[in-house]
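Structure record follows, encoded as structure tokens.
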Amino acid sequence: MKNIVKNIGLFIIIIFSCVSVFFSLYSKDYEAKWRDLTSYASFFENRFYDFRMLQTMHKRKPHPKIILADIDDDSIKKLNSWPIPRAKWAEMLKKLRGYGAKIVAFDVFFSEDSMTCNGQNPDDDLVAAIEYFQEVPNNRVILPYNLQVGGTEHYTSIPDDLYIFALTTKVGGANYEMYPTFISDSVYPLQKLIDAETSLGFIEATADTDGVIRHYKALAFPYGEVHVPSYGLTAYMHWIGEFDEYDDPSKMDKIFKTQLDLSTAGGKPILKTKKGDIELNLKGETKVRWTGGEETYKRIPIYDIITKDPNDEELKNLFEDALVFVGATAYGAHDLRNTPVHPMLPGVMVHMNFAQMLIDGYYFKPFKESAKLSWLLLIISVIILLLVQLKENPIYDLAILVVLVTVLFYADTYYFVEQGYETKLFWCFFALTMCYGWNTIVNFYMANQDKAFLKNAFGNYISPELIDEMYESGHAPTLGGTSGIRTAYFTDIQGFSSFSEKLSATQLVELLNEYLTAMTDILLEEKGTLDKYEGDAIIAFFGAPMELPDHAQRSCMVAHRMQEKLLELRKKWVSEGDKWPKIVHDMRMRIGINSGDIVTGNMGSASRMNYTMMGDSVNLAARLEESAKQYGIFTQVAKETVEMAGDKFLWRELDTIKVVGKSIPVTTYDLLGLKETAPDYLKELSEKFSAAILLYKAQKWDEAIELFKVTLELEYMRFPDLKGVKTNPSEIYIKRCEDYKKLPPPPEWDGVFTLTSK
């Protein structure tokens, strides 16, 4: 059942993703008819592609001969006129001829007559300037017009310039004269400007469904029998030099037979250039491969062009053989477009990016190639992920998912995009993420079902940790265990046997529950493993079943926190008045800690077992807890643990002892607190007690006694309520030194003290 549910979900995800790749590639072709169905696919993919494209856009350098004659705010202010008078445009054209410009493409409409003043019409000045500019061989002025697609009622004759292009690009040799032109209500330049032998190109800024311009319309009517070139395409055709005979009808067939192919790609037009083929969609559009935004191309304010010296060498070098676009960046011109490179890019920059794309041959691969690659990447990456997920390890699966996504992202961004593939990587990532998510959800649900079964079956006699381990391993619990360096931890309430004499059974249970709950919470917070409770005693260990590299440090932190917590509890019990007798107010807890080779595992009978520990290191920890009372301290830690715990804690060396039942001596320490929070008197106690121990080991009894008397006062500062009630390490060492003065130890004495009782 699990596999059936999982496979059905994966199948739906993969099919949906593959269909989305298709929709996102062909969304522009079917946008009008299937907008609601396809827009979702391109909406997400387009934004993700924009992001990837921007990562590498800086690698492309702007063409040095694509220049913007900038209608900027400063020029408008200095010329003190808007729109710019046509007499000023005439001056600019004359200057550009002198500077050596080859093509001047106006992104400015000249569709209305200028006002005549004193018998002079500025339009005539502009016509004269155009003719003057175009006297230079191969020079050309390009003017824009606004193209409106009409129906069957209102037609207008198109200018000869467009007629020649349309006539020579008709499909299948159809007779152009037999078809009415589907061009209506179009806004053309003034006839006198057209008669000046300017070239024309339509401007149509069509945004995607999200309002961002990513595509550029190279041809109008690519699905009909009449085709006209866009503004950017016209500028490119003249500047590149292959189309210098564009206006000669006798040579057009030869030119366009090699430049426009409408017979392949399933009826889609393909523009052929020196640098390669550009496949257009059914709307005559191609996706723009951006070079940059507003600051990318060289911009010369029109005021500077008009007013600079005609012999300015810098401008001559800049404009020589240049393709000059004339357009507005002024905010008041309202010619701003939302594009992937900038949300408010001047419209003329869109044409400049398109022209550079044509000049550089930086085209996209045909749609089918991008679709095949997208589907291939999607299927292969999903297969890899699914094979990995057979192990059902969500962390490992997530790591592989991250690796796959990272590799795909960098491979696509820095290779496939640069090669011209319009890969639909968003849907690859979508498929990967959804497959991972679906697999994980199904596995998680089934895992909870399995764990619930195990808890019902075994929860009464094994620990929750063991149930998890049993589930992860896929095996039922068995006898046996593993060994490793771990830390054993024992606690016991001092004199607890007396509590039962002072408390009722109900009080005793209440007190123990409050105490054990508080201490166990601390233990579990530090990832300790609770072995068992033995009355008031807590037996625990660190480093199993989950390995902890800092198990020793964690055990010491638990000891410190437990002692601090017990102090809080004592204050609370005191505040509760007569509820508790004085023995509760004075409750103390002893702790013994040791690290070493410890065996942990499932131990017990075949029918009932528990996760516990055993070994000599465990026994030593128990002995340290018991022997702490002989020194009057409450936390005794073996040297092995101290060395592994790091420098976070404040210690004092307590003694080197042989515990009952052991022949190998062990050095033990008293845990005084945390270094960073310990009061100064404890730091002094640690320092002076260590110095006194050295004197003791050197058998300098008098000097040691004097120093231990100093530390004795510090002992009283540590536990003022125990003065005269309990012994402490300083008192013990003072007595030892006095005894050794009377009866010196043998020559082979090594400072080891043998305990005679637990």
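Taking the Cα centre as origin and putting +1 on Lys and Arg beta-carbons and -1 on Asp and Glu beta-carbons, what dipole magnitude results for the stretch 675-758, to the nearest 20 debye? Each step should come with its number before you reach the end.
On the way: 14 positive and 15 negative charges, 51 e Å.
Using only the charged Cβ atoms, the result is roughly 240 debye.
If R₀ is 22 angstrom, what is the calculated FRET efficiency for the pair His334 and Thr209, using the beta carbon separation as r and rounding to 0.05? Mind showing how you got there, number by number?
On the way: r = 23 Å, r/R0 = 1.03.
That pair, His334 with Thr209, gives E of 0.45.
Neighbouring Cβ atoms within 10 Å as the yardstick, rank Tyr297, Tyr716 fewest first. Please list the in-between numbers first.
Numbers: Tyr297 21, Tyr716 14.
With the fewest neighbours first, Tyr297, Tyr716 line up as Tyr716, Tyr297.
Calculate, in nm to one decimal, what Phe51 and Met717 gain on full extension: separation in residues at 0.36 nm each, minus their alpha carbon distance.
Values: separation 666, 0.36 × 666 = 239.76 nm, distance 6.68 nm.
Taking 0.36 nm per residue and subtracting the Cα distance, the gain is 233.1 nm.
Describe numerically, in nm with one decimal, the distance between label points set 7 Å from Cα along Cα→Cβ at Glu684 and at Leu567.
1.8 nm
Compare the peptides 543-549, 98-104 by average per-residue count of other Cβ atoms within 10 angstrom and give them in order, highest first. Write down the numbers at each step before the final one.
Numbers: 543-549: 16.4, 98-104: 22.6.
Those peptides, ordered most packed to least, come out 98-104, 543-549.
Taking the Cα centre of the stretch 480-638 as the origin, how large is its charge dipole in debye, to the nearest 20, when only Lys and Arg (+1) and Asp and Glu (-1) carry charge on their Cβ atoms?
Dipole of the stretch 480-638, to the nearest 20 debye: 180 debye.
Could you check the simple spin-label distance between Asp360 and Ala411, using points 7 Å along Cα→Cβ, in nm with one decimal?
2.5 nm
Among 198-209, 280-291, how do they line up by average Cβ neighbours within 10 Å per residue, starting with the highest? Intermediate results must be reported in sequence, preceding the final value.
Details: 198-209: 19.2, 280-291: 22.0.
Highest mean packing first, the order is 280-291, 198-209.
What is the order of Met587, Met603, fewest Cβ neighbours within 10 Å to most? Walk me through the numbers before you get to the answer.
Details: Met587 20, Met603 15.
Taking fewest neighbouring Cβ atoms as first place, the list is Met603, Met587.
Give the order of Val5, Val659 when sorted by the count of other beta carbons within 10 angstrom, beginning with the fewest. Write out the running numbers ahead of the final one.
Working: Val5 13, Val659 20.
Lowest count first: Val5, Val659.
Let's test the formula: R0 of 60 Å, r as the Cβ-Cβ distance of Phe109 and Leu524. What FRET efficiency results, to the nearest 0.05? If you can, show how the numbers build up before the last one.
On the way: r = 77 Å, r/R0 = 1.28.
It comes out at approximately 0.20.
Determine, from the Cβ-Cβ distance of Glu510 and Lys742 and an R0 of 60 Å, the FRET efficiency 1/(1 + (r/R0)^6), rounded to the nearest 0.05.
Details: r = 51 Å, r/R0 = 0.85.
Result of the calculation: an efficiency of 0.70.
For the stretch 305-355, with only Lys/Arg (+1) and Asp/Glu (-1) charged at the beta-carbon, what is the dipole magnitude about the Cα centre, in debye rounded to 20?
Numbers: 3 positive and 7 negative charges, 73 e Å.
The dipole magnitude comes to about 360 debye.
Would you mind pulling out the separation of the Cα centroids of the stretch 321-375 and the stretch 523-571, in Å?
Their Cα centres are 66 Å away from one another.
Put a dot 7 Å past each Cα toward the Cβ at His585 and Glu643; how far apart are the dots in nm?
Taking the simple label geometry, Glu643 and His585 are separated by 4.5 nm.
Beta carbons within 10 angstrom, averaged per residue: use that to sort the peptides 323-330, 63-70, highest first.
Working: 323-330: 24.1, 63-70: 21.6.
In decreasing order of mean packing, 323-330, 63-70 become 323-330, 63-70.
Rule-based calculations on the coordinates, nothing more; no lab input. These numbers come from a predicted model, not from an experiment. FYI the Cβ positions are ideal-geometry reconstructions off the backbone, even for glycines, and counts take in every protein chain you see.
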